[in-house]
Amino acid sequence: MRTVAVMASDGDGLRGTWRRSDGAPVPFDEANEAWIAAAREELVATAGRYGGYLTYGELTARVFDATGFETGMQPGRLAAKILGPVAEDGHRRGEPPLTSLCVRQTGEVGPGYAIVPRLDGEDVPDDLDQHAAEARLRCYEFFGAELPKGGGRPAHTVKVAAARARALKRDPRPVAICSTCYLQLPPSGRCPNCAR
């Protein structure tokens, strides 16, 4: 059974940061530096598996295990403090953004992912999840994942793909009507009645 020491609140109103082995307090900055290094290793390993990605909760659990440091901060808030520096480090190294491999429980990248296009001097796209899907493919290629025949393709996470498929079913495309015959037009856009 794991003992969790409840620490005095730090400046963010959190429980604090401690060493798992004995519950002793650890300065957040010291723990965060270790978490950033461990997160990079976890994300590089994830990039080595085509289609791989982690949730914030999975990543924080793995960095806690790897470092022996833990905090009461929510996984999403902690991930932001870890992933920003990982993105900056990867950018300096000329690597594709490993942070595209870490998503919320919903399968979407968080708003902090906007740092990735900004680092490249790009505008933040309207569809961050599409940007992340393309970046994940670059990560798989760069970090040596075994790609399917043809090289793979950018793909949304399972949950994002399912949500988008449901949205398409709910929001059918508008029906095109012939202005002369008032018949519904086929996908070709040519009226079968008047050939307009």
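The values are calculated or read from the model by the stated rules, or taken from the named source; none is laboratory data. Computed from a prediction, not measured in an experiment: that's the story for all the values here. Here the Cβ is made from the backbone with ideal geometry for all residues, glycine too, and neighbour counts use every protein chain on show.
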Are any residues in the range 152-196 among the basic types (Lys, Arg), at pLDDT 80 or above, assigned to a helix (DSSP H, G or I) and surrounded by fewer than 11 Cβ atoms within 10 Å (Cβ to Cβ), and if so, which ones? ARG166, LYS169
Does the range 82-89 contain any residue that is in a loop (DSSP other than H, G, I, E, B), surrounded by 18 or more Cβ atoms within 10 Å (Cβ to Cβ) and either in contact with a strand residue (DSSP E or B) (Cβ under 8 Å, 6 or more places away or on another chain) or of a type in the set (Ser, Thr, Tyr) (or both)? no
Condition check: part of a loop (DSSP other than H, G, I, E, B) and either under 22 Å from ARG92 (Cβ atoms) or among the basic types (Lys, Arg) (or both). Does VAL109 satisfy that? yes
VAL124: surrounded by 17 or more Cβ atoms within 10 Å (Cβ to Cβ), part of a loop (DSSP other than H, G, I, E, B) and without any contact (Cβ under 8 Å) to a residue 24 or more places away in the chain, yes or no? no
Sole exception among (1) surrounded by 22 or more Cβ atoms within 10 Å (Cβ to Cβ); (2) modelled with pLDDT under 95; (3) out of contact with any helix residue (DSSP H, G or I) (no Cβ under 7 Å at 6 or more places or on another chain) for ALA79, by number: (3)
